[in-house]
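Visitor: First the structure, which I've put down as structure tokens, then a few questions once you've had a look.
The values are calculated or read from the model by the stated rules, or taken from the named source; none is laboratory data. Just so you know, these numbers come straight off a predicted model, no measurement behind them. Cβ atoms come from the backbone with ideal geometry, glycine included; neighbour counts cover every protein chain shown.
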């Protein structure tokens with residue numbers, strides 16, 4: 001248990017440059033508190049003490065703003081940055097070295113039974129406000145951009161952005177786990193720029209047609 005706690009603290013130091021001391025992390029990091037509460041609840045859940053497990057998870061939700069279902073399966077070195085609004089569903093499976101930012105939802109898409117929540121492989125990073133929904137898999141070393149809505153499987157070593165989420169980088173090269181949000185590709189903005197260029201061209205053509213018409217009329 002103490003080895004796991006030490007590992008959790010080291011993960012925070014590794015992922016958050018604002019972390020200054022172990023005591024600060026232990027006392028003030030809501031993401032860490034939520035993970036520790038989840039582990040206790042998960043232990044009760046595995047022993048089929050479902051009510052106690054849910055009570056613990058709901059108390060943790062009230063205290064941290066993070067809801068992790070006690071049945072979810074979470075690997076080592078899991079990090080939740082800030083954490084407010086994070087939701088992790090019952091049948092989620094999360095690998096090692098996974099990072100979630102605030103407002104992330106790992107949820108279902110309806111009332112289907114069985115496996116209905118996402119699977120996140122090792123080294124996945126989900127950015128602020130992203131929604132990953134349904135029984136889909138996010139491949140290892142992949143990133144999901146801020147505000148994206150992902151409804152389909154994502155290959156390994158990929159970057160996904162947009163609503164619905166689209167793979168914009170998938171070249172087989174291991175992506176870095178640090179995420180500079182403002183530098184993420186934006187396919188919607190790219191498309192709008194294309195449309196703006198096309199509109200400008202059409203305006204020029206219309207202007208030329210009008211000028212020719214005026215000249216012919218004057219003659």
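Visitor: Hey, can you tell me all the residues within segment 18-42 that are under 21 Å from the mean Cα position of the chain (by Cα), farther than 20 Å from residue 73 by Cβ and surrounded by 15 or more Cβ atoms within 10 Å (Cβ to Cβ)?
Guide: Scanning segment 18-42 gives 29, 30.
Visitor: Could I ask something else about it? Filter segment 156-189 for residues that are modelled with pLDDT of 75 or more, more than 25 Å from residue 110 (Cβ to Cβ) and not in a strand (DSSP E or B) and give the result.
Guide: Of segment 156-189, the ones modelled with pLDDT of 75 or more are 156-168.
From what is left, the residues that are more than 25 Å from residue 110 (Cβ to Cβ) are 156-159, 168.
Those that are modelled with pLDDT of 75 or more, more than 25 Å from residue 110 (Cβ to Cβ) and not in a strand (DSSP E or B): 156, 157.
Here is a yes/no grid of residues against (1) outside the structural domain of residue 9 (by TED's automatic domain parsing); (2) assigned to a helix (DSSP H, G or I); (3) surrounded by 15 or more Cβ atoms within 10 Å (Cβ to Cβ):
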site: 44; (1), (2), (3): no, yes, yes
site: 57; (1), (2), (3): no, yes, yes
site: 61; (1), (2), (3): no, yes, yes
site: 84; (1), (2), (3): no, no, no
site: 90; (1), (2), (3): no, no, yes
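Visitor: Considering only segment 67-83, I want to know if a residue exists there that is within 13 Å of the chain's Cα centre (by Cα) and farther than 20 Å from residue 9 by Cα.
Guide: Scanning segment 67-83 turns up no residue that is within 13 Å of the chain's Cα centre (by Cα) and farther than 20 Å from residue 9 by Cα.
Visitor: In segment 2-17, what residues are part of a helix (DSSP H, G or I), free of Cβ contacts under 8 Å to residues at least 12 places away in the same chain and over 13 Å from residue 76 (Cβ atoms)?
Guide: If the condition is that a residue be part of a helix (DSSP H, G or I), free of Cβ contacts under 8 Å to residues at least 12 places away in the same chain and over 13 Å from residue 76 (Cβ atoms), then 2 is the only one that fits.
Residues are listed down the side, and each one gets a yes or a no for (1) over 24 Å from residue 83 (Cβ atoms); (2) surrounded by 17 or more Cβ atoms within 10 Å (Cβ to Cβ); (3) free of Cβ contacts under 8 Å to residues at least 40 places away in the same chain:
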{"residue": "126", "(1), (2), (3)": "no, yes, yes"}
{"residue": "138", "(1), (2), (3)": "no, yes, yes"}
{"residue": "145", "(1), (2), (3)": "no, yes, no"}
{"residue": "149", "(1), (2), (3)": "no, no, yes"}
